[in-house]
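A.B. asks: Sharing a structure with you now.
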Protein chains: 2
Amino acid sequence: MDYNKIDDFINSHLQNSIEELTKLCKFPSVSAKNQQLPETAYFVGDLLKKRGFDVKIGSGNGAPVVYAERKGVSEKSLLFYNHYDVQPAEPLELWKSDPFELRYDNDHLFARGASDDKGQIISRLAAIDALLDQESDLPCTIKFVIEGEEEVSSKNLAPFIENNIELLKADGCIWEFGGVNDYDQPIQYLGLRGICYVELSITTANQDVHSGLGGSIFPNAAWRLVWALNSLKDEDENILIPGFYEDVIPPSSLDLHLFGQLPDMREIYKNRYGIKEFINGVQGGVDLNVSEALLPTCTICGLSSGYQGEGSKTVLPAKASAKIDFRLVPEQTPEKILTLLRDHLDKHGFLDIEISFLGGESPARTDPDHPFVNLVVESAKDVYGMPMIVVPMVGGSGPNHLFIKHLNVPIVTAGVSYPGSQNHAPNENIRVVDFLKGTKHLARIISEFGSLG
Amino acid sequence: MDYNKIDDFINSHLQNSIEELTKLCKFPSVSAKNQQLPETAYFVGDLLKKRGFDVKIGSGNGAPVVYAERKGVSEKSLLFYNHYDVQPAEPLELWKSDPFELRYDNDHLFARGASDDKGQIISRLAAIDALLDQESDLPCTIKFVIEGEEEVSSKNLAPFIENNIELLKADGCIWEFGGVNDYDQPIQYLGLRGICYVELSITTANQDVHSGLGGSIFPNAAWRLVWALNSLKDEDENILIPGFYEDVIPPSSLDLHLFGQLPDMREIYKNRYGIKEFINGVQGGVDLNVSEALLPTCTICGLSSGYQGEGSKTVLPAKASAKIDFRLVPEQTPEKILTLLRDHLDKHGFLDIEISFLGGESPARTDPDHPFVNLVVESAKDVYGMPMIVVPMVGGSGPNHLFIKHLNVPIVTAGVSYPGSQNHAPNENIRVVDFLKGTKHLARIISEFGSLG
């Protein structure tokens, strides 16, 4: 394969890619709000059909899964996993422009989904365009699974995979995300933490009550919630749910070695996020890298109760709720954590706290020694000037465990994001330079994958 | 004094009173919206001038205070505290008629301010009319302080009182409200709890962060807030701020006796508010009454942090805040509680929690054994068929401490409201029967006050 021609094609067709990304980002496909999910699925299907893929749009429960396949020259199959749904754009006032109108500014592309995950989809299509410009057939079979519920815990993906194991069979899988680190070095993420996302809620009366009347005689929903939350984690970040740490596998010496090769993030994180110090007594270096990815968590994502407007209102709240996300590491499971949480609350007298399970994923990882990992890592050198830096696990979550469990496929990451991409936050964006490099790397991966031994 | 003639006069001049109340209620004197406050003040001043009072309309900051005085036969001075401002009438759609057009219906008078507090003002004037119909001079000197900012925390009342101590000097004060309970028994409220209202807030980062990234390494504003709150009060409702209870005067045996004579509210509260049980181990009866009014509180009025919308969002909040209202009992003060709170948070390592002081009033009460209280309580018998039921304290708050502190005056309640008066709510009203009884009671109080030993 002539990579100069491939790269020229990708460079000269950038405007096409930006136009397609603009159209895709216009769909406010917020899965948490069930917004225009089928419409977005059909638009993504059309993008794939244009590239000669056979496309099936799912018709099961939830947002439709887009499945697409195009046969290639070799026996090998490469599976891409992506998602067309996005996080809510709120708080809207912090966006510098409409989150659903792609904005090109100073070589960045801003929009909800620009990085997570619509920009990745468009990059993958651009790599395929470049390969098809050189050869009439793809070097290997390519399959896409593009779901619409990734941001709400992929709740209907498991049955889709379980019911389509033969169809989805592949020799390697490229995950939905990927990109560079703060030093513009390409990064290979080989595992994801799991997640157990719950809402705790409590109702103590049929209405809010004047605090002058009820303050010293009626139960207060907000106080009950605070006490229940406090029972879950202490100020030293120890999670107090009995059995929570039982199934945790400590990092291996290879893990520690690989984490030790990663850059020290202490100053970058402190400056970027305005953090004064880290928790768990971590100062930086390998400790920070290992903690970020391999410690399980109990994070309060939201708190809500009573009066939250300007100034004061003397009210005793009848209702209170908290959103909580537990990040899990191998071999914890969301099902077990949910059971342990209920037991813990009951044992501490919080039978009045209701738990709503809003989604879960198990943790999962790919062996850093797998040959497919090696191909992807080494093929980066030609584009980035260095092989990828291997990160055994990252802190985020996703349905990679479904693919690993049911398809027994190695999973790698490759993509167009950078640490300033603001995934899930206002002013989400990618840099054009990363889009071009990530796309060129993907073209090389696909090209070389056909001849993998 | 011939009370038969007094009562005949009040009965026969009811129509006059209703006409004056109609005119007064026509002013939409909503202090929260700064509506026609000077106009209402001048109209109230004219009502007092008609009764031979010297009237001064204040010209300081905020809504003008109306001060009026008429010398009487004895050396004694009786001070009335009232307000001409009202709460907003919204939600308007819940009113059965225009809130600013007094409506007479089935022996009730409906209008915003009918009970709180314009009806009280007109009743007091009607009592004075009845006395002046019998004698050319009043039995004692009468002073009125009628402010226009009671519904917005009386923010300019303190300097007015501090600057006019000689002018306002009195031997007794009748508070702006009063009336009967659910059993049509006249009630004497002798004190109000204080309040210290604060907002606790914390910022741990310059933006919300993806919980998959920051969950195990970055501080979480919501968790910091939960731990700080938890340090303030334990699950048994003990407030843990050192020194918080230091100045609390426990209920006297007279208090306990008086609270013991009040109705048992357990079933009424449980049914009205859907409460399963009370806090502090209280079952009902005298314990409930004492706890409601004489326990200091630390009430969370509101909690806010991170994502509060539908479904899940995996975010680590950078900001969190809680609104907290401490109700105070004698001799606690908001100033000291604020200092203790800051000390406590600092000592527990919560230097990152900011405190915004949103308002305070000191608690204050009048001795149930004061002869003036006895006069007011006993003089009710002739009108209501029973003496007033004495309630040593109620749970709400107000500016009574300003009068008690600066004027050293005993304060009682007497008036024309009933539990269905809907103060601050749609269809505010009084009953004609309560207006007549309350006015007759006031005439007796004024008459007998001149000869109080």
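A.B. asks: Once R0 is set to 22 Å, what does the formula 1/(1 + (r/R0)^6) return for the Cβ-Cβ distance between A:Leu94 and A:Gln35, expressed as a FRET efficiency to the nearest 0.05?
C.D. replies: It comes to 0.65.
A.B. asks: Still on this structure: B:Ser12 to B:Ser59: FRET efficiency via 1/(1 + (r/R0)^6), r the Cβ-Cβ distance, R0 41 Å, to the nearest 0.05?
C.D. replies: After rounding to 0.05, the efficiency reads 0.60.
A.B. asks: Charges only on Cβ, +1 for Lys and Arg, -1 for Asp and Glu: so what's the dipole of segment A:57-99 about the Cα centre, in debye to the nearest 20?
C.D. replies: Dipole magnitude for segment A:57-99 comes out near 340 debye.
A.B. asks: What are the nm distances, shortest first, from B:Asn280 to its equivalents in the other copies, labels at 7 Å along Cα→Cβ?
C.D. replies: 4.3
A.B. asks: Just need the relative contact order of segment A:239-317 here, percent rounded to a whole number, with Cα pairs under 8 Å and 6+ apart.
C.D. replies: RCO, segment A:239-317: 27 percent.
A.B. asks: Let me ask another. A:Val248 to A:Glu166: extension gain in nm, 0.36 nm per residue of separation minus the Cα-Cα distance?
C.D. replies: Residue separation times 0.36 nm, minus the Cα-Cα distance, leaves 26.3 nm.
A.B. asks: If all Cα-Cα distances of segment A:195-361 are sorted into 10 Å bins from 0 onward, what percent lands in each bin, rounded to whole numbers?
C.D. replies: Percent of Cα pairs in each bin: 9, 30, 29, 21, 9, 2, 0.
A.B. asks: Rounded to the nearest 20 Debye, what is the dipole magnitude of the protein assembly as shown about its Cα centre when Lys and Arg each give +1 and Asp and Glu each give -1 at the C-beta?
C.D. replies: The calculated dipole for the protein assembly as shown is roughly 720 debye.
A.B. asks: In this model, which of B:Lys233/B:Lys319; A:Lys276/A:Lys313; B:Lys270/B:Lys336; B:Lys26/B:Lys143; B:Lys71/B:Lys336; B:Lys56/B:Lys76 are farther than 31 Å apart at the alpha-carbon?
C.D. replies: Those over the limit are A:Lys276/A:Lys313; B:Lys270/B:Lys336; B:Lys71/B:Lys336.
A.B. asks: So, one more: How far is the Cα center of segment B:56-110 from the Cα center of segment A:357-426, in Å?
C.D. replies: Each part reduced to its Cα centre gives a spacing of 71 Å.
A.B. asks: In percent, how large is the relative contact order of chain A, given Cα pairs closer than 8 Å and 6 or more residues apart?
C.D. replies: 26 percent
A.B. asks: Over segment A:195-361, what is the mean sequence separation of C-alpha contacts under 8 Å (at least six apart), divided by residue count, expressed as relative contact order in percent? Show your work: numbers first, answer last.
C.D. replies: Values: 252 pairs, mean separation 76.5, N = 167.
With pairs under 8 Å counted, the relative contact order is 46 percent.
A.B. asks: Which whole-percent values make up P(r) of segment A:284-439 when all C-alpha to C-alpha distances are grouped in 10 Å steps starting at zero?
C.D. replies: 8, 25, 31, 20, 11, 5, 0
A.B. asks: With each run of n ≥ 4 DSSP H residues scored as -39500 (n - 2.57), what mean residue ellipticity at 222 nm is computed for chain A after dividing by its residue count and rounding to the nearest 500 deg cm²/dmol?
C.D. replies: Details: 16 runs with 156 residues, N = 453.
Taken over chain A, the calculation gives -10000 deg cm²/dmol.
A.B. asks: Determine, at each q value in 0.07, 0.09 (inverse angstroms), the log₁₀ of I(q)/I(0) that the Debye formula gives when each Cα of chain B is one equal point scatterer.
C.D. replies: After summing over all Cα pairs, the log10 values are -0.40, -0.65.
A.B. asks: Moving to a separate point now. Between B:Tyr3 and B:Lys276, how many nm apart are label points set 7 Å from Cα along the C-beta direction?
C.D. replies: Result: 5.1 nm between the two label points.
A.B. asks: Considering only the label points, 7 Å along Cα→Cβ from Cα, what distances in nm to one decimal separate B:Glu162 from the same position in each other copy, shortest first?
C.D. replies: 7.2
A.B. asks: Here's a follow-up. For an R0 of 60 angstrom, estimate the FRET efficiency from the Cβ-Cβ distance between B:Asp343 and A:Lys71 and round to the nearest 0.05.
C.D. replies: Working: r = 73 Å, r/R0 = 1.22.
Efficiency, from the Cβ-Cβ distance: 0.25.
A.B. asks: Can you list residues from other chains, or at least 5 along the same chain, whose modelled amide H is less than 5 Å from the amide H of A:Gln188?
C.D. replies: A:Ile389, A:Val390, A:Val391
A.B. asks: Go through segment B:297-311 residue by residue and turn each phi into a ³J(HN,Hα) via Karplus (6.51, -1.76, 1.60, θ = phi - 60°); whole Hz please, and just put x for glycine and proline.
C.D. replies: 10, 9, 9, 6, 8, x, 9, 8, 6, x, 8, 10, x, 5, x
A.B. asks: Among residues other than B:Ser417 whose Cβ falls under 11 Å from its Cβ, what is the net charge (Lys/Arg +1, Asp/Glu -1)?
C.D. replies: Working: positive: B:Arg431; negative: B:Asp116, B:Asp117, B:Glu176, B:Glu428, B:Asp434.
For residues surrounding B:Ser417, the net value is -4.
A.B. asks: Taking the Cα centre of each part, how many Å lie between segment A:174-237 and segment B:296-319?
C.D. replies: Their Cα centres are 8 Å away from one another.
A.B. asks: Sticking with this one: Which semi-axis lengths, in whole Å and largest first, follow from the square roots of five times the eigenvalues of the Cα gyration tensor of the protein assembly as shown?
C.D. replies: After diagonalising the Cα gyration tensor, the semi-axes are 72, 27, 22 Å.
A.B. asks: Please label the shape of segment A:14-160 as rounded, prolate or oblate, based on the square roots a ≥ b ≥ c of the eigenvalues of the alpha-carbon gyration tensor (a/c under 1.5 means rounded; beyond that, a/b larger than b/c means prolate, else oblate).
C.D. replies: Note, shape of segment A:14-160 comes out oblate.
A.B. asks: Taking the simple approach of a point 7 Å from Cα along Cα-to-Cβ for both B:Glu267 and B:Asp105, what is their distance in nm?
C.D. replies: 3.1 nm
A.B. asks: Could you list which residues have their amide H under 5 Å from that of A:Ser417, counting only those 5 or more apart in sequence or on another chain, with H placed in the peptide plane?
C.D. replies: A:Gly178, A:Gly179, A:Val180
A.B. asks: Here's something else I'd like to know. Expressed in nm to one decimal, what extension gain is obtained for the pair B:Leu132 and B:Asp46 from 0.36 nm per residue of sequence separation less their Cα-Cα distance?
C.D. replies: Numbers: separation 86, 0.36 × 86 = 30.96 nm, distance 1.72 nm.
My answer for the length gained is 29.2 nm.
No lab work stands behind these numbers, since they all come straight from the coordinates. Keep in mind that this is a model prediction, so the values were computed, not measured. When we count neighbours, we look across all protein chains shown, and the Cβ atoms used for this are built from the backbone with ideal geometry, even at glycine.
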